[in-house]
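The values are calculated or read from the model by the stated rules, or taken from the named source; none is laboratory data. Keep in mind the model is a prediction, meaning the values are calculated, not measured. With ideal geometry, Cβ positions are generated from the backbone for all residues, glycine too; neighbour counts draw on all protein chains shown.
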Amino acid sequence: MTKKAGDIINSDKYGPRVLDKDPNGGHLRPYPPDKKSGCFIATVTYGDKNCSQVQFLYAFRDEVLLHSRSGRFLTWLYYKTSPFAACFIEHVPVLKRLARNILERVIGFIERHTSIKQDTFRENHNWHNG
């Protein structure tokens, strides 16, 4: 079966990723390029890609979003637009506070409607740092 942009792949050490077109050559490539370039807005908002909120959002992406066509599209759209938004959020304190408020509501919504719970990531984060 031929792979196309928007398809999900699981074949590397970074786990599920969405295929995207390379703007330089038109070839398909995994997007995001690696786990480090994941939740741009959450990482800027919380200041640490390893904090429980960011890890929770990674899990939601990997366990829920990447398993449906619409979820893969939303993930692709997020990775295309969020670096630009994250840059603004990083440099404007009021936007960082607004982003934190919005993300807390999003996390609460996800917890109420999925089996993913943030406490799992708080415990894991504390264990690794303790």
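Entry remark, region 44-87: residues being farther than 21 Å from residue 119 by Cβ and either buried (at least 17 other Cβ atoms within 10 Å of the Cβ) or not charged (D, E, K, R) (or both) number 21 in total. Sub-9 Å Cβ pairs linking a first residue in region 66-79 that is under 18 Å from residue 43 (Cα atoms) and in contact (Cβ under 8 Å) with a residue 12 or more places away in the chain to a second residue that is part of a helix (DSSP H, G or I) and among the polar types (S, T, N, Q), at least 6 apart or interchain, are 79/37, ordered by first then second residue.
Keeping to region 88-103, report how many residues are under 22 Å from residue 118 (Cα atoms) and either surrounded by 15 or more Cβ atoms within 10 Å (Cβ to Cβ) or touching a residue at least 12 places away in the same chain (Cβ under 8 Å) (or both).
Filtering region 88-103 down to residues under 22 Å from residue 118 (Cα atoms) leaves 96-103.
In the following step, the residues that additionally are either surrounded by 15 or more Cβ atoms within 10 Å (Cβ to Cβ) or touching a residue at least 12 places away in the same chain (Cβ under 8 Å) (or both) were identified as 96, 99-100, 103.
Qualifying residue count for the region: 4.
Between 59, 5, the distinction of being within 13 Å of the chain's Cα centre (by Cα) and either modelled with pLDDT of 55 or more or of a type in the set (A, V, I, L, M) (or both) belongs to 59 only.
Just to verify a result, which residue in region 105-123, among those that are in a helix (DSSP H, G or I) and of a type in the set (D, E, K, R), is nearest to residue 45 (Cα to Cα)? Residue satisfying both the conditions and the ranking: 105.
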